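These notes concern the structure reproduced below.
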Amino acid sequence: MDACRQQAPAAANAPQVPNAPAAPPVVTPGSVQQQMASLPIPASTLRSQLNGFSLRNANTNIYADGSSHTLNTTILGQPVTIKVTPVRYDFGYGDGTSKTTSTPGGPLKDDGFETPTTTGHVYKETGKYSITLTTHYAGTFSVNGGPTQTIPGAATVDSTPMPLQIWRTKHYQVQAACTPGSTAPGCVPPGG
């Protein structure tokens, strides 16, 4: 008769265990890459050696003023720290030419007319030009202060265009020093 009895499933008699908390969603490099594209990464600032002007057929030192940035955001409900570092600069010189460099360039000690630079340019014509710059940023991230991981791809940020005027020079040979009232080339005072 005992053999005919049905036994209750063991699970029914086992003590109930509360559900363990769900693991947080995994923040992947791909999800961070999507978020990085929408973050307000500060643009590099365009600069020129002589603050907006240079001379035709001279070296014009144009460079970027940019740096690395740390940005904090939330992805899938978790705090994420993103660090972006400039790795490439695309300069457009406004005359149909452009240059890509891995360096931002920088100011020189003198006017720079005689010194070629990796980010500079020589203009063949006088005129007004609009210089453009796109900075490419590589990134890393960490979730909840964890290990640093690489973000695939790069974010690109366009800078505000910079106006630049290219002037021409005139050369005169002057035989003697200027005297009061002289109208020789180079002796007429500005606005005179």
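The values are calculated or read from the model by the stated rules, or taken from the named source; none is laboratory data. None of the values given here were measured: they were computed from a predicted structure. Positions of Cβ are backbone-derived with ideal geometry, glycine not excepted, and every protein chain shown enters the neighbour counts. Ligands, DNA and RNA are stripped out before the accessible areas are found, and what is left, the full protein with its side chains, is counted by its heavy atoms. Shrake-Rupley method; radii C 1.70, N 1.55, O 1.52, S 1.80 Å.
Tabulated data for the structure shown
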read-out	value
Qualifying positions in segment 32-60 - more than 18 Å from the chain's Cα centre (by Cα) and assigned to a loop (DSSP other than H, G, I, E, B)	49, 50, 51, 52, 56, 57, 58
In segment 95-151, the residues that are among the β-branched types (Val, Ile, Thr) and more than 22 Å from residue 68 (Cα to Cα)	97, 115, 117, 122, 126, 131
Members of segment 21-68 that are within 23 Å of residue 138 (Cβ to Cβ), open to solvent by 20 Å² or more (accessible area, probe 1.4 Å) and in contact (Cβ under 8 Å) with a residue 60 or more places away in the chain	29, 30, 33, 37, 39, 42, 43, 45, 47, 66
Candidates 153, 146 - the one that is open to solvent by less than 80 Å² (accessible area, probe 1.4 Å), small (Gly, Ala, Ser) and without any contact (Cβ under 8 Å) to a residue 40 or more places away in the chain	146
Filter result (open to solvent by 40 Å² or more (accessible area, probe 1.4 Å) and of a type outside the set (Val, Ile, Thr)) within segment 76-89	76, 77, 79, 83, 88
Breaking point among (1) in contact (Cβ under 8 Å) with a residue 24 or more places away in the chain; (2) surrounded by fewer than 16 Cβ atoms within 10 Å (Cβ to Cβ); (3) on the phi > 0 side of the Ramachandran plot, for residue 105	(2)
Among (1) within 22 Å of residue 155 (Cβ to Cβ); (2) out of contact with any strand residue (DSSP E or B) (no Cβ under 6 Å at 6 or more places or on another chain); (3) among the aliphatic types (A, V, I, L, M), the one test that residue 50 misses	(1)
Residue among 100, 118 that is at pLDDT 85 or above, β-branched (Val, Ile, Thr), outside any loop (DSSP other than H, G, I, E, B) and surrounded by fewer than 16 Cβ atoms within 10 Å (Cβ to Cβ)	100
Hits in segment 121-143 - residues which are of a type in the set (Phe, Trp, Tyr) and open to solvent by less than 30 Å² (accessible area, probe 1.4 Å)	123, 137, 141
